[in-house]
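Engineer: What follows is a structure written as structure tokens; I'll ask about it next.
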């Protein structure tokens with residue numbers, strides 16, 4: 001698997017994955033009917049580092065973004081978002097992107113990484129982040145309306161990147 | 001004091017307050033050199049309810065915004081932001097806007113209110129929110145670089161709006 005910066009020619013593949021994830025509506029607080037234009041504007045926003053994970057047989061199997069979580073006095077903390085194609089799940093693509101993302105964040109000089117919105121039912125993501133040293137530093141009660149489970153908690157996860 | 005929806009004619013006054021708060025750089029993670037255009041685009045963004053607090057002798061003394069904190073399954077939680085003119089502080093304008101904001105949020109049908117980024121040194125804001133029923137539900141270690149105090153913690157605060 002190769003993880004590399006996304007280019008304009010990856011936009012179709014990224015939109016396919018984004019659309020799947022948004023339509024599922026159980027891991028991100030996104031409009032399930034978001035347009036291709038709005039989705040790509042969000043995922044390729046100015047100041048955002050956008051990556052894709054490419055597998056020989058499959059093509060683009062996942063994508064992730066890195067960007068400062070805040071401006072000014074908060075710009076040393078980076079935020080990230082990850083999406084894996086439904087058909088490519090369970091093959092370690094999320095973990096490979098997560099490890100790549102941590103080393104990119106270090107390389108870019110960020111001091112910490114924060115996930116603002118990890119839905120508590122997304123246990124595989126939570127386990128992965130905990131494996132990689134993240135802690136749940138906050139819980140938002142009933143902050144997400146899950147399409148099948150109703151109101152569920154959301155976690156804020158955080159990891160320092162400095163020794 | 002009158003608290004009302006902001007209109008286009010309030011833009012100069014709102015920018016004056018925004019500029020002061022951003023330049024101080026100790027209560028918001030904003031670019032201290034943010035342009036008027038970017039500031040007003042943020043404060044008057046589509047989907048944002050923008051209010052001003054007007055006092056007879058002073059004019060516009062404060063401003064606040066209300067907007068969904070997330071899209072899709074997270075859109076029942078509202079986020080708010082408050083700014084008071086330096087010269088008008090200590091007169092209860094923040095508290096009056098906070099109370100107004102809670103009743104507006106209820107009126108608009110939101111189920112909870114969340115502050116994503118309450119800097120731990122901003123003790124008067126934290127006290128006000130706790131007085132109004134908010135809890136610190138998370139703490140981000142060293143997430144803000146304070147212009148005089150260096151790296152300080154940031155709190156996530158939350159309050160349910162349903163019985």
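Read-outs: derived from the displayed coordinates by stated rules, not from any lab. What you are looking at is a predicted structure, and each value in this text was computed from that prediction instead of being measured. All Cβ positions, even for glycine, are placed from backbone atoms using ideal geometry, and neighbour counts span all protein chains on display.
Engineer: Please work out which one of (1) within 8 Å of another protein chain (Cβ to nearest Cβ); (2) surrounded by fewer than 18 Cβ atoms within 10 Å (Cβ to Cβ); (3) under 15 Å from the mean Cα position of the chain (by Cα) is the condition residue A:147 fails and give its number.
Structural biologist: Just one mismatch for residue A:147, condition (3).
Engineer: Taking the stretch A:144-163 as the region of interest, how many residues are without any contact (Cβ under 8 Å) to a residue 24 or more places away in the chain and in contact with a helix residue (DSSP H, G or I) (Cβ under 8 Å, 6 or more places away or on another chain)?
Structural biologist: 1
Engineer: Sticking with this one: Can you name every residue in the stretch B:56-81 that is away from every other protein chain (no Cβ under 14 Å) and within 14 Å of residue B:114 (Cβ to Cβ)? Show your work before the answer.
Structural biologist: So the first thing to find is which residues in the stretch B:56-81 are away from every other protein chain (no Cβ under 14 Å), and the list is B:56-66, B:80.
Correct list: B:65, B:66, B:80.
Engineer: Also: Read through the list (1) in contact (Cβ under 8 Å) with a residue 12 or more places away in the chain; (2) within 17 Å of the chain's Cα centre (by Cα); (3) surrounded by fewer than 17 Cβ atoms within 10 Å (Cβ to Cβ), then give the number of the only condition that residue A:14 fails.
Structural biologist: Only one criterion is unmet by residue A:14, namely (3).
Engineer: Of (1) buried (at least 18 other Cβ atoms within 10 Å of the Cβ); (2) in a helix (DSSP H, G or I); (3) in contact with a helix residue (DSSP H, G or I) (Cβ under 6 Å, 6 or more places away or on another chain), residue A:97 satisfies all except one. Which?
Structural biologist: (3)
Engineer: So how many residues does the stretch A:38-71 have that are farther than 18 Å from residue A:19 by Cβ, surrounded by fewer than 19 Cβ atoms within 10 Å (Cβ to Cβ) and without any contact (Cβ under 8 Å) to a residue 12 or more places away in the chain?
Structural biologist: Adding up the residues that qualify gives 4.
Engineer: Could you list all residues from the stretch B:20-48 that are within 13 Å of another protein chain (Cβ to nearest Cβ) and outside any loop (DSSP other than H, G, I, E, B)?
Structural biologist: If we filter the stretch B:20-48 for residues that are within 13 Å of another protein chain (Cβ to nearest Cβ), which is where we start, we get B:21-35, B:38-39, B:42, B:46-47.
Those that are within 13 Å of another protein chain (Cβ to nearest Cβ) and outside any loop (DSSP other than H, G, I, E, B): B:21, B:22, B:23, B:24, B:38, B:39, B:42.
Engineer: Look through B:125, B:96 and report the one residue that is touching a residue at least 12 places away in the same chain (Cβ under 8 Å), under 22 Å from residue B:5 (Cβ atoms) and either touching a strand residue (DSSP E or B) at 6+ places or on another chain (Cβ under 8 Å) or within 11 Å of chain A (Cβ to nearest Cβ) (or both). Steps first, answer last, please.
Structural biologist: Numbers: B:125 fails: under 22 Å from residue B:5 (Cβ atoms).
Result of the check over B:125, B:96: B:96.
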